[in-house]
1. Looking at (1) more than 18 Å from Phe53 (Cβ to Cβ); (2) loosely packed, with under 14 Cβ neighbours inside 10 Å, can you tell me which one Phe120 breaks?
2. Considering every residue within the range 28-35, establish whether at least one is touching a helix residue (DSSP H, G or I) at 6+ places or on another chain (Cβ under 8 Å), farther than 20 Å from Ser134 by Cβ and part of a helix (DSSP H, G or I).
3. From the list Leu44, Leu61, exactly one residue is within 23 Å of Leu142 (Cβ to Cβ) and surrounded by 14 or more Cβ atoms within 10 Å (Cβ to Cβ). Which is it?
Amino acid sequence: MKILQKIDKFIFTFCKCIIAILFIVMIVAASLQVIFRFVLNNSLAWTEELCRFAMIWMTMLSLGLAVRMRSHISIDIIKDLVPAKVIPILDKIGCIIGIALSFVIVWTGISLAQLNMTQFSAAMHWNMGYMYCSVPVGAVILIFYLALQLFGLDKKFDELDRKEVK
């Protein structure tokens with residue numbers, strides 16, 4: 001249990017840091033594009049591509065964090081219509097479906113990444129296989145956090161974290 005909690009903390013902190021860095025990269029690249037285009041009348045070719053790649057990685061890394069923080073959208077009307085005893089069962093079914101779909105995404109993402117390893121981006125000449133790697137990486141993180149939710153470990157970790165802070 002302690003190992004899973006440490007993995008949880010590491011993944012959560014690491015992803016938050018990478019997402020913050022990517023967000024800063026996007027802001028700087030977009031600002032440079034605006035300055036070069038409207039002030040210097042000389043557009044940069046690579047900034048749009050860099051912003052797109054940063055956004056893709058940010059999105060895929062954020063999937064698992066959103067599940068961990070339980071901030072994904074949900075259909076609350078169904079929960080309002082069923083008895084309170086059924087809600088945990090629906091949550092478990094949702095986690096199982098999410099894990100199954102995430103395994104499909106991992107499988108497909110790996111195939112796409114391998115398929116695109118010989119393709120390079122137009123402006124920055126980056127290997128597109130690495131951009132497609134964001135899909136399986138994000139899906140693996142998603143599987144991890146959905147599995148924690150499925151077994152109720154996410155709430156236990158939150159309680160342990162609160163006890164450590166006190």
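1. For Phe120, the failing item is (1).
2. Looking through the range 28-35, at least one residue is touching a helix residue (DSSP H, G or I) at 6+ places or on another chain (Cβ under 8 Å), farther than 20 Å from Ser134 by Cβ and part of a helix (DSSP H, G or I).
3. Every option except Leu61 fails the conditions.
Laboratory data are not the source of any read-out in this text; all were calculated from the coordinates shown. Being a predicted model, the structure only gives us computed values, none of them experimental. Reconstructed Cβ throughout: ideal geometry from the backbone, glycine too, with neighbour counts over all protein chains shown.
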